[in-house]
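Presented below is the structure to which this report refers.
What follows draws every value from the coordinates through simple rules; no lab data is involved. Quick caveat: nothing in here was measured; it's all calculated off a predicted structure. Heads up, the Cβs are rebuilt from the backbone with ideal geometry, glycines too, and the neighbour counts pull from every protein chain shown.
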Amino acid sequence: MALLAALGCALLLPAVLPQDCPSPCRCRSLPEPGALLVDCSSRGLRSVPAVPRRARSLLLHNNSLASVPAGALDGLGHLRQLRLADNPWHCDCGVLYLWLWLQDFSAPALAALRCASPARLAGKPLAQLAGGELGGCARLPPTSCLQFFWRDLVLLAGAIVTLLLAAWALKLSKKLVCQLTLSRRLRRSIPNTRKTQ
């Protein structure tokens, strides 16, 4: 029975890997359980493909990448190795996400990247870029941050309205309890006139 289970797993593994692997890339399992190496190097890529979340190693070197879209690497919590060298990085606001992400992920990986354009920054390492060299875009929040701001503002307004309604309901309930208590006391204190006649 164990032999049949092992044979079934062996037959299913090749079918599972291609589904996780982006079409222009090659993927292979690493010795660590669930770990995956995603090799997208030297493919002429102009954009980052959808990388599986279980990727431990991502090779994107020697392509035609000029920037990485904001959020493209955020879901890769298990990533340990990233190669991005030998790409024509365009050092403007479009590279800001990658610049910030690599500062947290790997200083050596950031140091290996060089700007290809604009001409005034050609050849300069991304690690040495200052916010002012990116055209002042470092000061502008990304669109997703503005969306979160408006969502949070609506949630905050909703919470304030809910608290105000709860406070009003509490005040009203206290008033009703006081009125009920007073009416009960009044009934007890007023003698019943029918019995005395």
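Using modelled amide H (1.01 Å from N, peptide plane; none on Pro or chain starts), what sits under 5 Å from the amide H of Leu82, excluding residues fewer than 5 places away?
Correct list: Leu58.
When ranked by the protection proxy of mean other Cβ atoms within 10 Å per residue, highest first, what sequence do the peptides 107-118, 22-33 form?
107-118, 22-33
Once both labels are modelled 7 Å past Cα along the beta-carbon direction, what's the Lys171-Ser189 spacing in nm?
Result: 2.7 nm between the two label points.
Grab the other residues whose beta carbon is less than 10 angstrom from that of Asn62, score K and R as +1, D and E as -1, and report the net.
Neighbour charge sum, excluding Asn62 itself: +1.
Hey, with R₀ at 22 Å, roughly what FRET efficiency would Lys124 and Asp104 work out to, going by the Cβ-Cβ distance, to 0.05?
For Lys124 and Asp104, the calculated efficiency is 0.60.
Summing Lys, Arg as +1 and Asp, Glu as -1, what charge do residues with Cβ under 13 Å from the Cβ of Leu79 carry, Leu79 excluded?
With Lys, Arg at +1 and Asp, Glu at -1, the neighbours total +2.
Sorting check: for 76-84, 61-69, which peptide has the highest mean count of neighbouring beta carbons within 10 Å, and how do the rest follow?
Result, highest mean first: 61-69, 76-84.
How long is the gain from Ser23 to Ala85 if the chain were fully straight, where each residue apart is worth 0.36 nm and the alpha carbon distance is subtracted?
Extra length from Ser23 to Ala85 when fully extended: 20.2 nm.
Evaluate E = 1/(1 + (r/R0)^6) for Arg46 and Leu156, where r is the Cβ-Cβ distance and R0 equals 41 Å; express this FRET efficiency to the nearest 0.05.
0.50
May I ask you to evaluate 6.51 cos²θ - 1.76 cosθ + 1.60, the Karplus curve with θ = phi - 60°, for each residue of the range 161-169 and list the ³J(HN,Hα) values in order in whole Hz, giving x for glycine and proline?
4, 4, 5, 5, 5, 5, 5, 4, 5
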